[in-house]
Amino acid sequence: MDALAALLEGPRARGAFVLRSMLSPPWSLRIQDESPLTLVAVVRGWAWVLTADGEQRRIEAGDVAVFRGTRPYTVADDPATEPQILINPGQVTTTLDGEVLCETMSLGVRQWGNDPDGETVFVTGSYEYVGAVSRRLLRALPPILVLPRGRSDDRLLDLLTDETVKDLPAQGVVLDRLLDLLLISTLRTWFSGAEAPPWYHAYGDPLVGKALRLLQHNPAHPWTVAALAQEVGASRAALARRFTELVGEPPMAFLTEWRLDLAADLLQGTEDTVEAIARRVGYGSAFALSTAFKRHFGVSPREHRAGGAAAVSSAS
């Protein structure tokens, strides 16, 4: 399995929130639902995205935006429009004063907004639980990425848009799978571009690429820089220098994060014991994994498995 396949096999929507919004100016939505990953595909018109860091980006018909992390952001008709509506955890929609608008602004099956003929129409798909998206994938993504029209798969976007408003048996399952497909297609295209993380492009380097594959495919091996250098046929110093230059961190730092990301995914996705997971990802005992896990994520493996996933997501 290649590195990208290993990342993109993770998204598994289960009862994902999918909605078509239809809006005419002025409108401004403050998104504070704490979803770890959200996809917004613009069907008609435009929208401005304002991040917590002050970034402003305009997205238009055919564009697909992916939001990673739980920090609030705003989607509006214009950067100057003040937020009027809050999207809260559980996708509860309210005014700034707390009035619930879920029914008031309903326009039909999975349709919502202030105008059924709105100038702007977009489809939102939110993965509301961390376990539905691997920690490794979340770490690889920026807080927001936008795939412009022409690079996204219009067929999948059209199909998701059409299916969103249907009310048929097993419709939720159909929407889950379509959302997964559109997300995977979008991210596959994004990873092929210059914006992808340095370690992904480093796979093309004959020296560092081989080292990365060894670390990622064999995390339980007792790697040292010297052992890794011997495997790839380079000196320890040369490998450490080249690896750090291309990946952005030393080999053992990369391996530590990779092991802990794997452990986080296995805790969410399997019923294996902490001891078994520890040995699977290269730690000698459950205690050793627990110590490293809590230091890195701020919660213990058992807390993460029992519901502390939000802390792991916030640290992404």
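Quick check on the stretch 152-169. Is at least one of its residues touching a Pro at 6+ places or on another chain (Cβ under 8 Å) and farther than 15 Å from residue 17 by Cα?
no
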Task: Selection within the stretch 1-23 - closer than 19 Å to residue 87 by Cβ and open to solvent by less than 20 Å² (accessible area, probe 1.4 Å) - done: 13, 18, 21, 22, 23
Task: All positions within the stretch 26-37 that are assigned to a strand (DSSP E or B) and either among the small types (Gly, Ala, Ser) or more than 19 Å from residue 101 (Cβ to Cβ) (or both) - done: 28, 37
Open item on the list: If I go through the stretch 75-109 residue by residue, how many of them are open to solvent by 20 Å² or more (accessible area, probe 1.4 Å) and over 25 Å from the mean Cα position of the chain (by Cα)?
Closed with: 19
TODO: Select from the stretch 147-160 the residues that are modelled with pLDDT of 90 or more and buried (at least 17 other Cβ atoms within 10 Å of the Cβ) and list them in ascending order.
DONE: 147, 156, 157, 160
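Filter the helices (runs of 4 or more DSSP H) completely within the stretch 158-241 down to those with at least 3 residues that are touching a residue at least 12 places away in the same chain (Cβ under 8 Å) and in contact with a strand residue (DSSP E or B) (Cβ under 9 Å, 6 or more places away or on another chain).
Working: elements: 171-191, 198-201, 208-217, 225-232.
Helices (runs of 4 or more DSSP H) meeting the threshold: 171-191.
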TODO: Determine if the stretch 268-279 includes at least one residue that is loosely packed, with under 14 Cβ neighbours inside 10 Å, of a type in the set (S, T, N, Q) and within 24 Å of the chain's Cα centre (by Cα).
DONE: yes
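Take the residues of the stretch 38-74 that are part of a strand (DSSP E or B) and free of Cβ contacts under 8 Å to residues at least 60 places away in the same chain: which is surrounded by the fewest Cβ atoms within 10 Å (Cβ to Cβ)?
Start the filter on the stretch 38-74 by keeping residues that are part of a strand (DSSP E or B), which leaves 38-44, 46-50, 56-60, 64-68, 73-74.
Subset that is free of Cβ contacts under 8 Å to residues at least 60 places away in the same chain: 48, 50, 56, 58, 74.
Details: 48: 17, 50: 19, 56: 11, 58: 13, 74: 20.
The selected residue is 56.
Residue-by-condition table, conditions (1) within 22 Å of residue 129 (Cβ to Cβ); (2) in a loop (DSSP other than H, G, I, E, B); (3) among the hydrophobic types (A, V, I, L, M, F, W, C); (4) modelled with pLDDT of 90 or more:
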site	(1), (2), (3), (4)
263	yes, no, yes, yes
271	yes, yes, no, yes
275	no, no, no, yes
280	no, no, no, yes
284	no, yes, no, yes
Open item on the list: Kindly evaluate residue 137 against the criterion of being in a strand (DSSP E or B) and closer than 26 Å to residue 15 by Cβ.
Closed with: no
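The values are calculated or read from the model by the stated rules, or taken from the named source; none is laboratory data. Only a predicted model underlies this, so the values are computations on that prediction, with no experimental measurement involved. FYI the Cβ positions are ideal-geometry reconstructions off the backbone, even for glycines, and counts take in every protein chain you see. The area values use the complete protein model at the heavy-atom level, side chains included, leaving out ligands, DNA and RNA. Shrake-Rupley method; radii C 1.70, N 1.55, O 1.52, S 1.80 Å.
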